[in-house]
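Colleague: Sending over a structure as structure tokens; questions will come in a sec.
The values are calculated or read from the model by the stated rules, or taken from the named source; none is laboratory data. Since we're looking at a predicted model, the values are computed, not measured. Here the Cβ is made from the backbone with ideal geometry for all residues, glycine too, and neighbour counts use every protein chain on show.
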Amino acid sequence: MARHYTAATLDRLLAAGVREARRAAALALGYLGNFSSNTVLGRAMNDSDKGVRVLAENSIRHVWHRAGTDDQNRRLTQLVELIAADRFEEAATQATILIEEAPEFAECWNQRAIAWYRLERYQDAIADCIEALELNPYHFGAAAGIGQCELYMGDYRAALLAFRKALELNPGLENIQANVTFLEQALDCQKPGE
């Protein structure tokens, strides 16, 4: 496929093609795209076609994990594996080392935020999520992460704002929509000033 379509061609098809072409381009970018496709994939998560939205979400996650050098991407994969193995302290340490080497690699900040969150270091997690969002304004996971931290710290209004931001970026996040509904109902029940 890479012999016939460049990432730039796929970006154009995803942005302006017919539905079937947009779906194919979204899928192919998950295999061939790099971080330069982040914006077009981010916009595609709000496409009128659900198939395009789902494919764009899957592909953008792959693109995020390929935003560094080959070695950095490999080390990021190791971070994800450490987190999956509940080795959060080690993951945070390794993420810090990688961030010092590649501070522009947004997914490293997000992965360290996940480790901080699992260690109940919510303020540290929020700071890393904010950094991830500054580096990658389509990082719906970082926005949702801020919401989860705020929710656990009891700041429902801040959590609601963060969850709404995540849904603005990716309306397909059903669990985040459930959180928004819950928080809207909970905040409607409160009297002013509570």
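Colleague: Whether any residue in the range 172-188 is of a type in the set (S, T, N, Q), closer than 26 Å to Val54 by Cβ, within 15 Å of the chain's Cα centre (by Cα) and not in a helix (DSSP H, G or I) is what I want to check.
Modeller: Checked against the condition, which is being of a type in the set (S, T, N, Q), closer than 26 Å to Val54 by Cβ, within 15 Å of the chain's Cα centre (by Cα) and not in a helix (DSSP H, G or I), the range 172-188 yields no hits at all.
Colleague: Name the single residue that is modelled with the lowest pLDDT among those in the range 65-94 being aliphatic (A, V, I, L, M) and within 26 Å of Leu29 (Cβ to Cβ).
Modeller: Quick first cut of the range 65-94, residues aliphatic (A, V, I, L, M) only: 67, 76, 79-80, 82-85, 91-92.
Now restrict to residues that are within 26 Å of Leu29 (Cβ to Cβ): 67, 76, 79-80, 83-84.
Working: Ala67: 92, Leu76: 96, Leu79: 95, Val80: 96, Ile83: 97, Ala84: 97.
Residue satisfying both the conditions and the ranking: Ala67.
Colleague: Would you mind stating whether Glu90 is without any contact (Cβ under 8 Å) to a residue 24 or more places away in the chain and not small (Gly, Ala, Ser)?
Modeller: Yes: the conditions hold for Glu90.
Colleague: Kindly evaluate Arg112 against the criterion of being at pLDDT 95 or above, of a type in the set (D, E, K, R) and crowded, with 24+ Cβ neighbours inside 10 Å.
Modeller: So Arg112 passes the test.
Colleague: From the residues in the range 1-58 that are β-branched (Val, Ile, Thr) and assigned to a helix (DSSP H, G or I), which one is nearest to Gly172 (Cα to Cα)?
Modeller: Filtering the range 1-58 for residues β-branched (Val, Ile, Thr) gives 6, 9, 18, 39-40, 52, 54.
In the following step, the residues that additionally are assigned to a helix (DSSP H, G or I) were identified as 9, 39-40, 52, 54.
Numbers: Thr9: 26, Thr39: 17, Val40: 17, Val52: 11, Val54: 8 Å.
Filtering first and then ranking leaves Val54.
Colleague: So the check is Cβ under 9 Å with 6+ separation or different chains; which pairs have a first residue in the range 122-136 that's under 13 Å from Gln111 (Cα atoms) and a second one that's surrounded by fewer than 19 Cβ atoms within 10 Å (Cβ to Cβ) and β-branched (Val, Ile, Thr)?
Modeller: Cβ pairs passing all conditions: Asp128/Ile99; Glu131/Ile99.
Colleague: Filter the range 38-52 down to residues that are surrounded by fewer than 19 Cβ atoms within 10 Å (Cβ to Cβ) and touching a helix residue (DSSP H, G or I) at 6+ places or on another chain (Cβ under 8 Å) and give me whichever is farthest from Ala102 (Cα to Cα).
Modeller: Quick first cut of the range 38-52, residues surrounded by fewer than 19 Cβ atoms within 10 Å (Cβ to Cβ) only: 39, 43, 46, 48-51.
Checking which are touching a helix residue (DSSP H, G or I) at 6+ places or on another chain (Cβ under 8 Å) leaves us with 43, 46, 49, 51.
On the way: Arg43: 26, Asn46: 30, Asp49: 36, Gly51: 34 Å.
Taking the candidates together, the pick is Asp49.
Colleague: Failed condition for Glu120, given (1) at positive phi; (2) in a helix (DSSP H, G or I), with all others met?
Modeller: Condition not satisfied by Glu120: (2).
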